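Rule-based calculations on the coordinates, nothing more; no lab input. Bear in mind that the values here come from a model prediction, so they are computed numbers and not experimental data. For neighbour counting, all protein chains shown are included, and Cβ atoms are generated from backbone atoms with ideal geometry for every residue, glycine included.
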Amino acid sequence: MSARLYFSRFLAALGLALACQLGLAEEARPLSDDPVTEQRLQAISAELRCLVCQNETIASSNADLAKDLRREIRGMIQAGQSDQQIIDFMVARYGDFVLYRPPFKATTLLLWGGPLIFLVLGIGALQFYLRRRNRVLQAARPLSGEEARRADALLTEPDPADSPLQGPFQGKDLQP
Amino acid sequence: MMKNKFAWILVAFAALVILLAVGLNLDPREVPSPLVDKPAPAFKLPRLGAAGQAFAPEEMRGKVWMLNVWASWCVSCRQEHPLLVQLGKQQVAPIVGLNYKEVRGDGSLDSSKMPLEQEHALARERATQWLNDHGDPYTLTVLDLDGRVGIDYGVYGVPETYVIDKAGIIRFKQIGPLTPEVLEKKILPLIAELNQ
């Protein structure tokens, strides 16, 4: 492919990418002209799960229901309702599931306490394992008196690498 | 010692497999509705096929009834519809059809610039046609053009079916199409119980 053709294709791709960007910007254009309302709408709907695409927030989802709910929330903000009132409105209809941060209560105890339980279990298992390993190591044949002395001697012997003149492979050893 | 360790790994693996198998068989779309055991939200919507008339749930006070959310663009509704038609013939309980976003919900139509009057007329035409084609099990059908009543009922996937008791309390909600099992095991016994 010639460089010119390559470049023109690159330009076309760039143009398409930009067109997509513009298209998206058009779609996300707020319906309300009031920036405060839009900011609150963003903040609230980012805390709420879209029931249709369950891994998206109502703020980010393009599902029809999410659009309807954004419109609903916008209307409630303009009617002067508080954030809590709007959240309560959603929970009354779709349950706690709609909240990205589930509340701490009896039914969510396992959800919130689960990681802690696993941590405690993990620490317990680690402790159990280390203790058993210690016992196994101690139960292994201990050193006799002579072996212990030799081991001590080896450990206290100066490291040959520290004093080059005493190492086993000195240059002079290689001389005839 | 080695055998013991191996057995532990096997047990842990089996536990993990069971956990994942259970997780895979759960339906994440089935979210328990907070509306069960709560009063059915009030609404007043125009009726299909009865020009100028509206319907409100209060009119059903003293009756056990069902509310079925449907739309002509909804594929699963077609799947459950024969069951509803059969149920309608048996006259177990009045079934009210809530036609949900007939025009706006159809992704193949651009209704954003459509005047309300026109949308209303189109919704009536499409809903009537669909009921003619597939059978009409409904005591009456109402039109929820903008889906606002759907929001009050926590609708997030059409079809959905509610069983509402004599006092106007929602006693059961089915998300997704009705199945013969759900009908036989849950809805029919519940209606019988509520009618006592």
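The modelled label-to-label distance for the pair residue A:109/residue B:36, using points 7 Å beyond Cα in the direction of Cβ, is 2.1 nm.
Please rank A:37, B:179, fewest neighbouring Cβ atoms within 10 Å first, as an exposure proxy.
Going from sparsest to densest Cβ surroundings: B:179, A:37.
For a Förster distance of 30 Å, can you work out the FRET efficiency between the beta-carbons of residue A:85 and residue A:120, rounded to the nearest 0.05?
Values: r = 39 Å, r/R0 = 1.30.
In this case the efficiency is close to 0.15.
In this calculation the C-beta distance from residue A:54 to residue B:86 is compared with R0 = 30 Å, giving a FRET efficiency of 0.40. In this Cβ point-charge picture (+1 for Lys and Arg, -1 for Asp and Glu), the range A:22-103 has a dipole of about 120 debye about its Cα centre.
A crude spin-label estimate for the pair residue A:152 and residue B:8, with each label 7 Å from Cα along the Cβ direction, gives 3.7 nm.
Roughly how many debye, to the nearest 20, is the charge dipole of the range B:35-195 about its Cα centre, given +1 on each Lys and Arg Cβ, -1 on each Asp and Glu Cβ, and no other charges?
Values: 18 positive and 20 negative charges, 61 e Å.
For this selection, approximately 300 debye.
Using the Cβ-Cβ distance between residue B:190 and residue B:167 with R0 set to 22 Å, the FRET efficiency from 1/(1 + (r/R0)^6) comes to roughly 0.95.
Within chain B, what percent of beta bridges assigned by DSSP are antiparallel, to the nearest 5?
Numbers: 14 of 24 bridges.
Just about 60 percent of them are antiparallel.
Look at the dipole of the range A:66-135 built from charges on Cβ: of A:127, A:97, A:73, the Cα furthest out on the positive end belongs to A:127.
What pairs in A:105/B:38; B:63/B:113; B:44/B:113; B:63/B:185; A:67/B:186; A:67/B:173 have C-alpha atoms more than 30 Å from each other? Don't skip to the end; give the middle numbers.
Details: A:105/B:38 20 Å; B:63/B:113 41 Å; B:44/B:113 25 Å; B:63/B:185 21 Å; A:67/B:186 34 Å; A:67/B:173 24 Å.
Violating the 30 Å limit, Cα to Cα: B:63/B:113; A:67/B:186.
Take each residue of peptide B:144-157, count the partner chain Cβ atoms within 10 Å of its Cβ, and average: the result is 4.
Report the net charge of residues surrounding residue B:135, where surrounding means a beta-carbon distance below 14 angstrom and charges are Lys +1, Arg +1, Asp -1, Glu -1.
Working: positive: B:78, B:89; negative: B:80, B:133, B:136.
Surrounding charge for residue B:135 is -1.
Magnitude of the charge dipole for the protein assembly as shown, about its Cα centre and with charges confined to Cβ atoms of Lys, Arg (+1) and Asp, Glu (-1), is about 960 debye.
Dipole orientation for the range B:1-152: of the candidates B:66, B:107, B:18, B:18 has the Cα lying most toward the positive pole (charges on Cβ; Lys, Arg +1; Asp, Glu -1). Within the listed set B:93, B:50, B:15, the Gaussian network model of chain B (springs between alpha-carbon atoms below 10 Å) gives the highest mean-square fluctuation for B:15.
Farthest toward the positive end of the dipole of the protein assembly as shown, out of A:114, A:51, B:134, is the Cα of A:114, where the dipole comes from beta carbon charges about the Cα centre.
How many Cβ atoms of partner chains, on average, are near each residue of A:87-95 if near means within 10 Å of its Cβ?
Numbers: counts 0, 0, 2, 2, 1, 6, 11, 8, 7.
Per-residue shielding by partner chains comes out at 4.
Each stretch of four or more DSSP H residues adds -39500 (n - 2.57); spread over every residue of chain B, this sum gives -12000 deg cm²/dmol at 222 nm.
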